[in-house]
Amino acid sequence: MAHTLPPLPYASNALEPYIDAQTMDIHHGKHHQAYVNNLNAAIEKAPELASWSLDDLCRKIDTVPEAVRAAVRNNGGGHWNHSLFWTLMHAHDGAEPTGALADAIKALSGDFMKFKEQFAAAGTTRFGSGWAWLISDKAGKLSIESSPNQDNPLMSGKYAILGLDVWEHAYYLKYQNRRPDYIAAWWNVVNWGTVGERYTAR
Ligand code: MN3
């Protein structure tokens, strides 16, 4: 069964003014669609992968046939990462982490402000294109990582509860080269309810 582009869970202008509608339209409709299309093209060349879930394509990337492994890594990773990313944002509501997630963030960083600084640093210092991630282990201990390109924590057996796209295509139209400004704005649209649900479901 071919992989398909999931719809945005909100209107493309819902994240304004922090993330502009044109960026969302291109990012979702062009970039994410291209990852889906290129993943499907790779799987056509390795039909044994047709029955694999998107999670399994990432989790078991090292066993994907070598001829299509790079294509699956880049495009399967891109499809997985963006499918998650859309769900981690929503219209600004001023909320912050609550409950067990708030406690875990405090254990990691001391306080929420310090956590945001540390996570933003993972995004700003990722050279070139990639992602920043908040990882939870089975016991609920958090850590911050970044990955290059469209790699993701699933590829190394880890579980992400939050991810931030720091590819230029995520911010260039509005923020040009100012990645730190994009990240500072992005905090306003993080859906902490969804992040908290992912933390609980770890
Ligand atoms: Mn992207």
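Key figures for this structure:
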read-out: Ala139 vs. criteria exposed (fewer than 14 other Cβ atoms within 10 Å of the Cβ) and either within 16 Å of the ligand (Cβ to nearest atom) or under 15 Å from Ile105 (Cα atoms) (or both); value: yes
read-out: Pair list, Cβ under 8 Å, 6 or more apart: the stretch 17-42 residue open to solvent by 20 Å² or more (accessible area, probe 1.4 Å), other residue of a type in the set (Val, Ile, Thr) and more than 10 Å from the ligand (Cβ to nearest atom); value: Tyr18/Val189
read-out: Those residues of the stretch 144-184 which are open to solvent by 40 Å² or more (accessible area, probe 1.4 Å), more than 13 Å from the ligand (Cβ to nearest atom) and part of a helix (DSSP H, G or I), in sequence order; value: Ser156, Lys174, Pro180, Asp181, Ala184
read-out: Residues of the stretch 192-202 classified as assigned to a loop (DSSP other than H, G, I, E, B) and either touching a Gly at 6+ places or on another chain (Cβ under 6 Å) or buried (at least 20 other Cβ atoms within 10 Å of the Cβ) (or both), total; value: 0
read-out: Out of Leu84, Leu57, sole residue that is within 16 Å of the ligand (Cβ to nearest atom), part of a helix (DSSP H, G or I) and either within 28 Å of Lys116 (Cβ to Cβ) or in contact with a helix residue (DSSP H, G or I) (Cβ under 9 Å, 6 or more places away or on another chain) (or both); value: Leu84
read-out: Sole residue being at pLDDT 95 or above and within 14 Å of the ligand (Cβ to nearest atom), chosen from Ala46, Ala34, Ala70; value: Ala34
read-out: Residues being under 15 Å from Pro153 (Cβ atoms) and among the hydrophobic types (A, V, I, L, M, F, W, C) - total across the stretch 62-109; value: 4
read-out: Residue count for the stretch 86-104, restricted to those that are closer than 15 Å to Pro9 by Cα and either open to solvent by 40 Å² or more (accessible area, probe 1.4 Å) or in contact with a His (Cβ under 9 Å, 6 or more places away or on another chain) (or both); value: 5
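The values are calculated or read from the model by the stated rules, or taken from the named source; none is laboratory data. Fair warning: this is a prediction, and the values are worked out from it, not measured in the lab. Here Cβ is always computed from backbone atoms with ideal geometry, including for glycine, and neighbour counts include all displayed protein chains. Surface accessibility is based on the protein's heavy atoms, side chains included, excluding ligands, DNA and RNA. Shrake-Rupley method; radii C 1.70, N 1.55, O 1.52, S 1.80 Å.
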